[in-house]
1. Give segment 74-107 a look and list any residue that's open to solvent by less than 30 Å² (accessible area, probe 1.4 Å), in contact with a strand residue (DSSP E or B) (Cβ under 8 Å, 6 or more places away or on another chain) and either in a loop (DSSP other than H, G, I, E, B) or not hydrophobic (A, V, I, L, M, F, W, C) (or both), or say none.
2. Does residue 39 meet the test of being more than 15 Å from residue 265 (Cβ to Cβ), open to solvent by 50 Å² or more (accessible area, probe 1.4 Å) and in a loop (DSSP other than H, G, I, E, B)?
3. Check off (1) closer than 18 Å to residue 239 by Cα; (2) among the aliphatic types (A, V, I, L, M); (3) touching a Cys at 6+ places or on another chain (Cβ under 6 Å) for residue 208 and give me the number that stays unchecked.
4. Which one is farthest from residue 243 (Cα to Cα), of the residues in segment 159-210 that are in contact with a helix residue (DSSP H, G or I) (Cβ under 6 Å, 6 or more places away or on another chain) and basic (Lys, Arg)?
5. Going through 71, 53 one at a time, which residue ends up being under 14 Å from residue 27 (Cβ atoms) and either part of a loop (DSSP other than H, G, I, E, B) or of a type outside the set (A, V, I, L, M, F, W, C) (or both)?
6. Residue 113 - would you say it is free of Cβ contacts under 8 Å to residues at least 60 places away in the same chain, closer than 21 Å to residue 215 by Cα and surrounded by 15 or more Cβ atoms within 10 Å (Cβ to Cβ)?
7. Here is a check on your reading of the model: is residue 46 open to solvent by less than 20 Å² (accessible area, probe 1.4 Å) and either among the aromatic types (Phe, Trp, Tyr) or more than 22 Å from residue 114 (Cα to Cα) (or both)?
8. What are the residues in segment 203-234 that are farther than 23 Å from residue 179 by Cβ and crowded, with 24+ Cβ neighbours inside 10 Å, if any?
Amino acid sequence: MRRMSGQNERGLRFLKMHGLGNDFVVIDLRDGGMAPSPDLVRRIADRHMGVGFDQMALIRPDADTDARLVFLNADGSRAGACGNATRCIARLLMDETGKTMLRLRTDHAILTAEDAGGGLTRVNMGPPVLDWQAIPLARDVDLLHLPIAGDPVATGMGNPHATFFVEDAEAVDLPAFGARHEHDPLYPERTNVEVVQVIDRDTIRLRIWERGAGVTLASGSCSCAAAVASARRGLTARRVRVIVDGGELEIDWREDGVWMTGPTALVFEGWLSPEWLP
């Protein structure tokens, strides 16, 4: 994969990528250029009048790692972590450089990514955040049993999560359920919402509502949070297969962090025209 350039007289170049249907617009700013404004991010995110994505990922240079990644939600807000986008960009950079292991800086932490073989890419999302102030929550509560109807679990993965366990994940009205709980007062910075059905000790079914994006087909950080919550509740092992609407991920909560393995896809590359850009 050749290195792409950023904005010039042709407009703004971008890549469209996805991990299990969790889709991204990727903009390479390693050679310079300004990040899109929140208004432009929202315009690009429009699936009818723009390109459409769950998150935007910006690649920037970094003196101490292979790249710095910045993630933006479809509503223009900043996301501290995005596991599937990290895997997608790791695959992009591995193809570009020939490396099989990378270190990538995010708002949350410096993450290690590696080629898992068979076309799969693995990333260590770091240890889960299990401190109420760091997640953050509005007050000190039992993270394994939040005082919210449905008895969810709170976890941080560089962004906040509320994981609900249900008998039948398909029966949940996810748009209504997710929108309601994203703005729960216990989460001052809003939260991602996971609905989990435990299939067995090694498998969970997960449906996802991402803050600032809505219902998504997959989410790396949500999959990690759901796996951690399931293990902490004693419902599963620490290594599980996570079945999301877009496919399957493997989550392995090890001593050094939560590792996520799955496929990535480069869909197309294109240009946002100068006439369309503000």
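The values are calculated or read from the model by the stated rules, or taken from the named source; none is laboratory data. The structure displayed is predicted, hence computed values, not measured ones. Here the Cβ positions follow ideal geometry from the backbone for every residue, glycine too, while neighbour counts run over all protein chains shown. Ligands, DNA and RNA are excluded from the accessible area calculation, which covers all protein heavy atoms including side chains. Shrake-Rupley method; radii C 1.70, N 1.55, O 1.52, S 1.80 Å.
1. Answer for segment 74-107, where residues must be open to solvent by less than 30 Å² (accessible area, probe 1.4 Å), in contact with a strand residue (DSSP E or B) (Cβ under 8 Å, 6 or more places away or on another chain) and either in a loop (DSSP other than H, G, I, E, B) or not hydrophobic (A, V, I, L, M, F, W, C) (or both): 74, 80, 81, 82, 83, 84, 86, 87, 106.
2. no
3. Single failed check for residue 208: (1).
4. My answer is 190.
5. Just a single option satisfies the conditions, and that option is 53.
6. No, not satisfied.
7. Considered against the rule, which asks whether it is open to solvent by less than 20 Å² (accessible area, probe 1.4 Å) and either among the aromatic types (Phe, Trp, Tyr) or more than 22 Å from residue 114 (Cα to Cα) (or both), residue 46 comes out as no.
8. Matches in segment 203-234: 227, 228, 230.
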